[in-house]
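Undergrad: Mind having a look at this structure? Questions to follow.
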Amino acid sequence: EHMVRESHQDRELGTYPRESPSFHRRFTTLTISREPRSKRGAKDGAVGTSLGCGSASSGAPTAATATLFEPGRDGQTPQVVVLVGAPGMGKTTMVRKVMVEWREGTLHTQFDFVFCIDCKAIVLPVEASVADLVSQCCPGLRVPAGKILDDQKRILFIFDGFEALGFSLVQPEAELSSDPREVKPLELTLMSLLKKTVLPEASLLITVRPTALGSLRRCLKGECYVEILGFSAARRKEYFHRYFESPRKADMAFRFARGNEILYSLCVMPVMSWTICTILEQELCGKKNLLECSKATTGMMMFYLSQLLRHRDRDNLQVLQQFLLQLCSLAAEGIWKHKVLFEEKEIKDCGLDQPGLLPFFLNERIPGEGEDHGSVYAFTHLHLQEFFAAMFYVLEDDGERVSSLGRLEKDVNKLLESYKSRKDLNITVRFLFGLVSQKSVEYMDKTIGCRISPQAREELLEWLQGRHRGLSHPGQALKVSEMDTFHFLFEMNEKSFVKSALGHFTDLDLRDTKLTLYDQMALSFCIQHWAGLACITLQGCSFHWQDHEVELDVSVPCSGVSGAGGHANASIVQRQEELPCPIHLLCQALRHRDSVLQVLRLQWCRLSESCCTELAALLAEHPGLACLELGDSSLGDSGVRLLCEGLRTPGCRLRILR
């Protein structure tokens, strides 16, 4: 594939490599905004936090490549468009989409020729003219390069991954070229294109990471900045449906991600949507559903990290490990101090100013007009900062990290003690449990070469046991009444750890809680391996298998097939009918052979007739169950008849039914 690609609208020149069918099937429109937030003066720090794309601020976000070369507020059509986005936000994908739309003649028809330079992969000559650049990189040209360059307004040059060129953007003005046929050192030729001393009427589209934006801005004039904000809520769902060819699998995968607030928030980043879909696809392979999914959030984050670092400094693992240790230290100090923005001095003091690694984890915010301080940095997502903060506490290290913010001890107990009064530490603690699982320890060692300390496991176990003992009243049954406990244990995903953590408790007591699909999976996993569980109280809890707001949004197609829009409502209703009853996971978990459950309280849970088949089966198969409370449910006559079938079975030993 030519790294400088060219084609012509009359299809005379057939050198453009056609995109694969999967690209067309999976492409999902990204939300973009004119002028990046850094230039608009926003102070929100981490890109794509839990607010997602909805917080895009003053410049109204749009969602199409068609707007790239549209006239701005001043009525002027930009000749230079700079597309800004962190790694994995979809810059190259948007460039590919521009090329596809142009080749098909659906958009960007003002250009007769488009030359796309992949700065990350191309090997360019030391010296060249603009004409040489066009000829050497597109040897199949039938039209002489000189003739092409005569009509400047009909040409678009695309530089994808501009920061990868790696040369100085400070070049003497007097040495820049004005003749497209003049041979100059490559840096001067490319600078001449940027500075518009050569081909001043040609258009440029440049993709760049935020960390390289500052130096590029000083070279350009009259440019328009466009920031990729990622996937909106509706587009996240659309991406899942485009990724999976099966609508059933797409629905299941999206419900899984939608029920986990961390994963769903991370899906604003296209690379994270891809990561999650890739892992869930593997989980679904050979299985009918995701209800036994073993991949918790931490596993997905580690896979994402391994993909980021796959080709980075593999020859020098020590440099990579040292960088990660410093990065984790910075993240942890930020979490403790409610800090998401870091000054350039802090980055340098921590030894993180490494161009080959830094842009994958931190975005640079360039100071706007009138701001005199230096650049500031933020993690590409708040949840990534929380993940690295958790890593700080468990990564083995030769010495403690020291940074400009002072000394931060790797004291897991201090973090857990602080969690009592600081619930904003919830996600960091959740990742902590995930990182010390045996699978995580092996994965980190094998793929990234980082060792995780086993000491934290015992501290986490003691904390969980002591936490709920303190919440139970003297003389009463020891009960677990915090949903986050089940999230923590599900994140670790180890049966033996669940048995140890919950072995001394007999009661589960949750009240007035909205249980998402992910909550129910966590709860069911723990119930299955909780040997001494005798009483479950879920008073006023509601069981949700989908997010109603998202399910009712039929503005986006439910599959990659066009023309099906008229049946969108019907397909959603059909898939809703296919869903199991709301308490399916709970009843399934309670059927394990070692269960000693005696009391099940589901009053004010608004259960319907659809739950009665599951309850009847539970009554028939669970001889220890003595008390069942279903107050304020809408079971109906037919539901009660189903329940009676369970009561008649020889295995039923129920004594109290309310």
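The values are calculated or read from the model by the stated rules, or taken from the named source; none is laboratory data. Note that the structure is a prediction, hence the values are computed from the model and not measured. Backbone-built Cβ (ideal geometry, glycine too); neighbour counts: all protein chains shown. Just so you know, the surface numbers come from the protein's heavy atoms only, side chains and all, with ligands and any DNA or RNA stripped out. Shrake-Rupley method; radii C 1.70, N 1.55, O 1.52, S 1.80 Å.
Undergrad: Could you please find all residues in region 122-162 being open to solvent by 50 Å² or more (accessible area, probe 1.4 Å) and under 23 Å from T92 (Cα atoms)?
TA: V123, Q136, R154
Undergrad: Working only within region 337-347, note down all residues that are more than 20 Å from D397 (Cα to Cα) and in a helix (DSSP H, G or I).
TA: Within region 337-347, E344, K345, E346 meet the criteria.
Undergrad: Please determine whether any residue of region 196-217 is buried (at least 20 other Cβ atoms within 10 Å of the Cβ), closer than 13 Å to V130 by Cβ and of a type in the set (S, T, N, Q).
TA: Within region 196-217 (the criterion being buried (at least 20 other Cβ atoms within 10 Å of the Cβ), closer than 13 Å to V130 by Cβ and of a type in the set (S, T, N, Q)), the answer is no, since none of the residues qualifies.
Undergrad: Which of the residues spanning region 224-273 are aromatic (F, W, Y) and open to solvent by less than 20 Å² (accessible area, probe 1.4 Å)?
TA: Within region 224-273, Y225, F231, F240, Y243, F244, F254, F256 meet the criteria.
Undergrad: Could you please tell me which pairs satisfy a Cβ distance under 9 Å, a separation of 6+ or placement on different chains, a first residue in region 491-506 that is touching a residue at least 12 places away in the same chain (Cβ under 8 Å) and farther than 18 Å from V436 by Cα, and a second residue that is β-branched (V, I, T) and open to solvent by 50 Å² or more (accessible area, probe 1.4 Å)?
TA: T506/V596
Undergrad: Enumerate the helices (runs of 4 or more DSSP H) found wholly within region 546-658, keeping only those where 3 or more residues are open to solvent by 30 Å² or more (accessible area, probe 1.4 Å) and modelled with pLDDT under 90.
TA: 568-578
Undergrad: Would you mind finding the one in L625, L600 that is assigned by the TED database to the domain that holds L515 and within 41 Å of the chain's Cα centre (by Cα)?
TA: Details: L625 fails: within 41 Å of the chain's Cα centre (by Cα).
Going through L625, L600 in turn, just one is assigned by the TED database to the domain that holds L515 and within 41 Å of the chain's Cα centre (by Cα): L600.
Undergrad: Further question: Which residues, taken from region 407-454, are surrounded by 22 or more Cβ atoms within 10 Å (Cβ to Cβ) and under 15 Å from H487 (Cα atoms)?
TA: I427, T428, V429, R430, F431, L432, F433, G434, L435, V436
Undergrad: Need the failing condition index for K495 against (1) among the basic types (K, R); (2) crowded, with 18+ Cβ neighbours inside 10 Å; (3) assigned by the TED database to the domain that holds L607, just the number.
TA: Result: K495 fails condition (2) only.
Undergrad: Something else: Check every one of the helices (runs of 4 or more DSSP H) wholly within region 62-174 and list those with 1 or more residues that are closer than 14 Å to I206 by Cα.
TA: Correct list: 91-103.
Undergrad: Taking I206 as the residue in question, decide whether it is outside any helix (DSSP H, G or I) and of a type outside the set (D, E). Quick ask: steps written out before the conclusion?
TA: Numbers: outside any helix (DSSP H, G or I): yes; of a type outside the set (D, E): yes.
It is true that I206 is outside any helix (DSSP H, G or I) and of a type outside the set (D, E).
Undergrad: Would you confirm whether any residue within region 341-356 is crowded, with 17+ Cβ neighbours inside 10 Å, of a type in the set (A, V, I, L, M), farther than 24 Å from R451 by Cβ and at pLDDT below 90?
TA: No, because not a single residue in region 341-356 is crowded, with 17+ Cβ neighbours inside 10 Å, of a type in the set (A, V, I, L, M), farther than 24 Å from R451 by Cβ and at pLDDT below 90.
Undergrad: Sticking with this structure for a sec: Only residues that are charged (D, E, K, R) and closer than 11 Å to C587 by Cβ: list them for region 606-627, please.
TA: E614, E621
Undergrad: For L199, which of the numbered conditions (1) within 30 Å of P71 (Cβ to Cβ); (2) out of contact with any strand residue (DSSP E or B) (no Cβ under 9 Å at 6 or more places or on another chain); (3) outside any helix (DSSP H, G or I) fails to hold?
TA: L199 satisfies all of (1) within 30 Å of P71 (Cβ to Cβ); (2) out of contact with any strand residue (DSSP E or B) (no Cβ under 9 Å at 6 or more places or on another chain); (3) outside any helix (DSSP H, G or I) except (2).
Undergrad: Which condition does E364 not pass, out of (1) outside any loop (DSSP other than H, G, I, E, B); (2) at pLDDT 90 or above, if it passes all the others?
TA: (2)
Undergrad: If I ask for residues that are touching a Leu at 6+ places or on another chain (Cβ under 8 Å) and at pLDDT below 90, which ones from region 315-340 would you list?
TA: Within region 315-340, L320 is the sole residue that qualifies.
Undergrad: In this structure, does Q322 turn out to be over 26 Å from F162 (Cα atoms), without any contact (Cβ under 8 Å) to a residue 60 or more places away in the chain and in a helix (DSSP H, G or I)?
TA: Yes, satisfied.
Undergrad: Residues to consider are L149, L176, L156; find the one that is at pLDDT below 90 and either touching a helix residue (DSSP H, G or I) at 6+ places or on another chain (Cβ under 9 Å) or over 14 Å from V134 (Cβ atoms) (or both).
TA: Answer to the check: L149.
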